[in-house]
């Protein structure tokens, strides 16, 4: 099973999947032979939407077939994922998604109308690491001081998130589990409100994407404590990781992936994987991903399958401990 550490080290050097577009739809048929619908299961404007549009345009150029982005938001990404799960397995409907529908939501929602494990993994697109961020005035300048302060003040340290079951919520719970601290979750309706409350000093911590808080740290309005990653990131290379601070298994990120309907032929999956892997090698794509704090990933469909399975095990334990449900 691929480890989270390995996921963070699947980089451009690993994107070595040569090959041409597969013959996959019967004798003489070459994929793709018509427009492709790329379903994004969140509204326009977010990270996964931006990634999908970058990849979709590059695929359009490469294949000379339109790749049309279709936003199907709702139910934590489940509505869009369900649309792909029930689509024809012919490679002409694909899913661009963050972690929820593939590795988290089945433990949060009682009524799931698709089985995440049956979606065909295609490729990991990229990830944005989470960071432990503190309000100004909190008496902790590093992770060890934060843990000591939280242990000395059980039930008094609060952390905001963009909502129950969000990656920032679960990352905070993961931190609490690993450190044996009693910190209080305060959910908000979105990342913006959570960060605003942190800026106002009404919550103490935020365990969210570095791209959401870096500008405030640079302006002296917030304090970044540690990166929830096994290695330092390009956006804030001076920021120590949780590994350096003594929490070797504290990894958490928002990652993004492509999946296909259950039963999609391996030849088609491999064709898409090869094309997208080539795109992820392009310097301009790497630069565009970096604008919103993401590093490209890549790898094979088998790598993605192993990684998402490991993520399911990881977050199930956190969700069971916190007894989180959404319906």
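Every number here is computed from the coordinates shown, using simple stated rules; none is lab data. From a predicted model like this one, the values you see are computed outputs, not experimental measurements. Cβ: placed from backbone, ideal geometry, glycine included. Neighbour counts: every protein chain shown.
Table for the structure above
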{"quantity": "Residue order, fewest to most beta carbons within 10 Å, for 313, 304", "calculated": "313, 304"}
{"quantity": "The chain: antiparallel DSSP beta bridges as a percent of all, rounded to 5", "calculated": "60 percent"}
{"quantity": "For 185, 169, order by how many other beta-carbon atoms lie within 10 Å, fewest first", "calculated": "185, 169"}
{"quantity": "Fraction of antiparallel bridges per DSSP, segment 128-227 only, in percent to nearest 5", "calculated": "60 percent"}
{"quantity": "Order of 182, 49 - criterion: other Cβ atoms within 10 Å of each residue's Cβ, fewest first", "calculated": "182, 49"}
{"quantity": "Ranked by how many other beta carbons lie within 10 Å on average, peptides 172-181, 96-105 from highest", "calculated": "96-105, 172-181"}
{"quantity": "Cα gyration tensor category, rounded, prolate or oblate, for segment 224-327 with a/c compared to 1.5", "calculated": "oblate"}
{"quantity": "Long-range tail of P(r) for the chain (Cα pairs > 31 Å, %)", "calculated": "30 percent"}
{"quantity": "Global form of segment 70-179, assessed from the alpha-carbon gyration tensor, a/c cut-off 1.5", "calculated": "prolate"}
{"quantity": "Segment 144-256: C-alpha gyration tensor shape, a/c 1.5 cut-off, then a/b vs b/c", "calculated": "rounded"}
{"quantity": "Computed helical MRE - 222 nm, the chain, DSSP H runs ≥ 4 contributing -39500 (n - 2.57), nearest 500", "calculated": "-11000 deg cm²/dmol"}
{"quantity": "Mean Cα-pair separation over length for the chain, i.e. relative contact order, pairs under 8 Å, 6 or more apart, %", "calculated": "29 percent"}
